[in-house]
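Peer 1: Shown below is the structure under consideration.
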Amino acid sequence: MSDKKKLRSTEWFGLSGKMGFTHRSWMRNQGHPDHMFRDKPVIGICNTWSDLTPCNAHLRDFAEIVKRGVYEAGGFPLEFPVTSLGEILMKPSTMLFRNLASMDTEETIRANPLDGIVLMTGCDKTTPSVIMGAASVDLPTIVVPGGPMLNGKWKGTDVGSGTLTWQLADRLKEGTITEEEVIEAESCMSRSAGHCMTMGTASSMASTVEALGLTLPGFSSIPAVDSRKKVMAHLSGNRIVEMVKEDLKLSQILTREAFENAIMVNSAIGGSTNVIIHLLAIANRLGVELSLDDFDTLGSHMPLLVNLMPAGKYLMEDFYYAGGLPVVLKELNAHLHNEAITVNGKSIEENSKDAECYNREVIAHFDQPFQKDAGIAVLKGNLCEDGGVIKPSAATPELMKHKGKAVVFETIEDYHARVDDPDLDIDETSVMVLKGVGPVGYPGMPEVGNMVLPEKLLKKGVKDLVRISDGRMSGTAYGTVVLHVAPESTIGGTLALVKNGDLIELDVEKRSLTLHVPEEELEKRRSEWTPPKPLAERGYAHLYINHVEQADKGCDFDFLKGSSGSEVQRDLH
Ligand code: FES
């Protein structure tokens with residue numbers, strides 16, 4: 001760097017006197033020579049590694065590869081941990097802690113002598129949480145996605161993370177599989193480092209982050225254990241140093257156009273409904289106008305181009321071998337904002353124009369899609385005044401227009417207690433309704449919206465029912481499931497007023513979700529309704545309940561919208 005002042009880190013390491021001595025001296029205990037503190041971009045490697053987050057457990061080693069790239073390019077890498085959100089172990093829901101992890105990331109970046117940031121991501125919430133945090137500081141930033149596991153292999157067939165779990169849950173209830181077979185399937189499904197290898201939330205987020213322009217091209221789909229993943233991690237270390245020199249900030253990449261690209265791509269890949277909530281939250285941090293309706297307007301008529309579970313047949317490893325996301329971007333180029341800039345300084349079009357597809361069973365031509373109009377649809381109606389969402393590519397076509405009687409579960413505990421009761425008044429025409437699983441109500445909006453069907457219906461061969469809730473659904477799940485109903489039941493949304501036997505009508509083509517109960521009756525129920533007692537009266541959950549916004553706004557805290565920039569308000573001493 002010719003002008004030291006351009007480097008934010010010189011405000012720490014470039015000082016003379018007591019403060020310069022202090023900032024450098026304690027760092028020297030790690031054995032850094034003097035020249036590392038002189039005129040070098042300091043690159044923060046924000047690591048979501050944790051043994052408790054199996055999908056990110058390999059990222060500790062990966063950070064070393066990124067560091068090699070940083071050193072090679074003339075930077076000074078300093079790795080730091082942030083709250084890691086492991087989807088599989090954390091209770092009651094990682095979503096409860098996404099905003100906490102974003103605050104951890106934001107404050108750690110701002111408070112330290114960092115010029116550029118590498119975000120090491122993987123499991124579902126680890127991606128949006130660190131991007132949200134970094135966006136509120138807005139330094140040059142690049143994402144290193146940890147990559148999917150290798151294909152699951154069980155009894156001679158490919159099995160997908162999560163998707164197999166739902167299938168096994170149904171088969172156990174049907175009585176067509178034994179507990180011993182299920183235990184055997186555990187390690188057959190998860191047989192390498194990496195995150196879920198279906199097009200679940202982790203793969204969807206990694207793909208949309210590449211579409212946003214935040215990764216090197218083609219990075220997101222490479223399996224975690226493929227040596228080419230390491231090459232990309234090394235090159236990302238090289239590139240972030242250049243980005244600091246170019247002062248290419250996150251906000252220059254994450255424009256409205258980039259978000260529009262990401263919405264279209266998420267539809268074309270059959271991506272997760274969770275992406276909606278995360279993109280809304282990230283956009284809000286940057287002051288980019290984005291609404292729930294944009295997902296329908298821009299995405300719902302997109303064709304399904306990727307044949308991956310849960311909507312299709314293949315897995316992420318196959319997607320990578322078929323050419324990966326650059327092929328999808330090339331197929332969509334008549335619709336995307338091709339000039340949108342990415343972390344390598346090139347446009348999305350420049351990065352994808354030479355992409356070749358090696359397997360059309362996995363990635364289709366735009367004109368010959370696996371399904372038309374496959375993107376997420378946004379529903380409105382008196383049952384979801386501020387919106388609800390459904391993923392048509394994962395639903396049963398015959399149920400997309402359906403009218404049936406409500407079978408209501410007041411809480412998730414109520415659902416578990418009664419769903420398999422042989423006397424439960426439910427049949428294949430019923431509509432299952434679950435309350436109390438929204439952001440405030442649970443709290444933390446868990447992935448329970450795709451309720452497993454009652455045993456007695458599964459044994460009759462029923463495979464799907466219309467299901468409605470204010471919760472979320474795992475990106476690996478499937479079914480005719482209406483999610484993210486807003487306002488949620490716990491804060492008095494109409495969902496709170498639904499009773500057993502009420503007629504509910506879903507019409508996806510008309511984008512409507514209607515509770516057929518006269519307005520006078522609804523008013524009566526509303527006047528008699530009392531909100532449930534909050535489940536947390538202290539600590540972080542208390543903060544969450546009091547400040548989380550509804551799903552149609554991205555479930556961020558009301559006080560976290562926007563950016564505070566990279567300036568530190570007061571000095572250390
Ligand atoms: Fe981590 Fe699926 S559980 S990505």
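Peer 1: By the scheme Lys and Arg +1, Asp and Glu -1, what is the net charge of all other residues having a beta-carbon under 11 Å from that of Lys153?
Peer 2: Numbers: positive: Lys155, Arg191; negative: Asp158, Glu317.
Here the charged neighbours net out to 0.
Peer 1: Seen from all sides and averaged, what is the projected area of the convex hull of the Cα atoms in region 1-103, in nm²? Each step should come with its number before you reach the end.
Peer 2: Working: hull surface 32.8 nm².
For region 1-103, averaging the hull's shadow over all directions gives 8.2 nm².
Peer 1: Moving on to the next point. With unit charges on the beta carbon (Lys/Arg positive, Asp/Glu negative), name the residue among Leu168, Leu235, Ile269 whose Cα is farthest towards the positive pole of the charge dipole of the chain.
Peer 2: The Cα lying farthest towards the positive end belongs to Leu235.
Peer 1: Further question: List the extent of the Cα atoms of region 105-249 along each of their three principal axes, largest first, rounded to whole Å.
Peer 2: Largest to smallest, the principal-axis extents are 60, 29, 23 Å.
Peer 1: In the chain, which cysteines lack any other cysteine Cβ under 4.7 Å from their own?
Peer 2: Lacking a cysteine Cβ partner under 4.7 Å: Cys46, Cys188, Cys196, Cys357, Cys384, Cys555.
Peer 1: Does region 468-545 come out rounded, prolate or oblate, given a ≥ b ≥ c as the square roots of the eigenvalues of its C-alpha gyration tensor, rounded meaning a/c under 1.5 and, failing that, prolate meaning a/b above b/c? Before the final figure, lay out each step's value.
Peer 2: Values: a/c = 2.82, a/b = 1.17, b/c = 2.41.
Judged from the Cα gyration tensor, region 468-545 comes out oblate (a/c at least 1.5, b/c at or above a/b).
Peer 1: Under the rule a/c < 1.5 gives rounded, and otherwise a/b versus b/c splits prolate from oblate, where does region 266-356 land using the Cα gyration tensor? Working shown, then result.
Peer 2: Values: a/c = 1.82, a/b = 1.17, b/c = 1.56.
Verdict is oblate for region 266-356.
Peer 1: While we're here: Of Leu7, Ser84, Ile491, whose Cα points farthest to the positive end of the dipole of the chain (charges on the beta-carbon: +1 Lys, Arg; -1 Asp, Glu; origin at the Cα centre)?
Peer 2: The listed residue farthest towards the positive side: Leu7.
Peer 1: Sorted from fewest to most neighbouring beta carbons within 10 Å, what does the list Met19, Met197, Met27, Met316 look like? Walk me through the intermediate numbers first.
Peer 2: Details: Met19 14, Met197 37, Met27 17, Met316 34.
Sorted ascending by nearby Cβ count, the order is Met19, Met27, Met316, Met197.
Peer 1: So, one more: Return Ser347, Ser352 ranked ascending by Cβ neighbour count within 10 Å, so the fewest neighbours appear first.
Peer 2: Values: Ser347 17, Ser352 26.
So the residues, fewest neighbours to most, are Ser347, Ser352.
Peer 1: Starting from the Kirkwood radius over alpha-carbon pairs of the chain, derive D by Stokes-Einstein at 25 °C in a medium of 0.890 mPa s and give it in µm² s⁻¹. Show your work: numbers first, answer last.
Peer 2: Values: Rh = 24.3 Å.
It comes out at roughly 101 µm²/s.
Peer 1: Relative to the longest principal axis of the C-alpha atoms of the chain, give the angle of the C-alpha long axis of helix 201-212, reported between 0 and 90° and rounded to the nearest 10°.
Peer 2: That works out to roughly 50 degrees.
Peer 1: Sort Phe259, Phe80, Phe21 so the one with the fewest other Cβ atoms within 10 Å of its own Cβ comes first. Intermediate values should be presented prior to the final figure.
Peer 2: Values: Phe259 25, Phe80 16, Phe21 11.
If I rank by nearby Cβ atoms, fewest first, I get Phe21, Phe80, Phe259.
Peer 1: Sticking to Cα atoms, compute the Rg of region 327-464 to one decimal and its Dmax as the biggest Cα-Cα distance, whole number, in Å.
Peer 2: 21.0, 63
Peer 1: Treating the angle as unsigned and between 0 and 90°, give the value, to the nearest 10°, between the Cα long axis of helix 179-189 and the longest Cα principal axis of the chain.
Peer 2: 30 degrees
Peer 1: Amide H neighbours of Gly152 under 5 Å, counting only residues 5+ apart in sequence or on other chains, H built in-plane at 1.01 Å?
Peer 2: Val159, Ser161
Peer 1: Given +1 on the Cβ of Lys and Arg, -1 on the Cβ of Asp and Glu, and no further charges, what dipole in debye does the chain carry about its Cα centre, rounded to the nearest 20?
Peer 2: Values: 59 positive and 79 negative charges, 318 e Å.
I would put it at about 1520 debye.
Peer 1: So which lysines pass the test for Lys510, namely a Cα distance under 17 Å, with those fewer than 8 places away in the same chain ruled out?
Peer 2: Within the straight-line limit of under 17 Å, Lys510 reaches these lysines: Lys372, Lys380, Lys391, Lys401, Lys403.
Peer 1: Scan around Asp386 for amide H atoms under 5 Å from its own, H built in the peptide plane at 1.01 Å from N, and keep only partners 5 or more places away or cross-chain.
Peer 2: Residues meeting the amide H criterion: Ala486.
Peer 1: Above 23 Å lies some portion of the pair distances; for region 418-542, what is it as a whole percent of all C-alpha pairs? Write down the numbers at each step before the final one.
Peer 2: Details: 2883 of 7750 pairs.
Cα-Cα pairs in region 418-542 separated by more than 23 Å: 37 percent.
Peer 1: Can you classify region 183-259 as rounded, prolate or oblate using the Cα gyration tensor, where a ≥ b ≥ c are the square roots of its eigenvalues, rounded means a/c under 1.5, and otherwise it's prolate if a/b beats b/c and oblate if not? The partial results should precede the final answer.
Peer 2: Details: a/c = 3.98, a/b = 1.79, b/c = 2.23.
It comes out oblate by the Cα gyration axes.
Peer 1: In degrees between 0 and 90, to the nearest 10, how far off the longest principal axis of the chain does helix 274-286 point, with axes built from Cα atoms?
Peer 2: 40 degrees
Peer 1: Hey, could you pull the Cα Rg and Dmax for region 263-315, both in Å?
Peer 2: Cα radius of gyration and Dmax of region 263-315 are 12.2, 38 Å respectively.
Read-outs: derived from the displayed coordinates by stated rules, not from any lab. Computed from a prediction, not measured in an experiment: that's the story for all the values here. Note: ideal-geometry Cβ built from the backbone for every residue, glycine included; neighbour counts use all protein chains shown.
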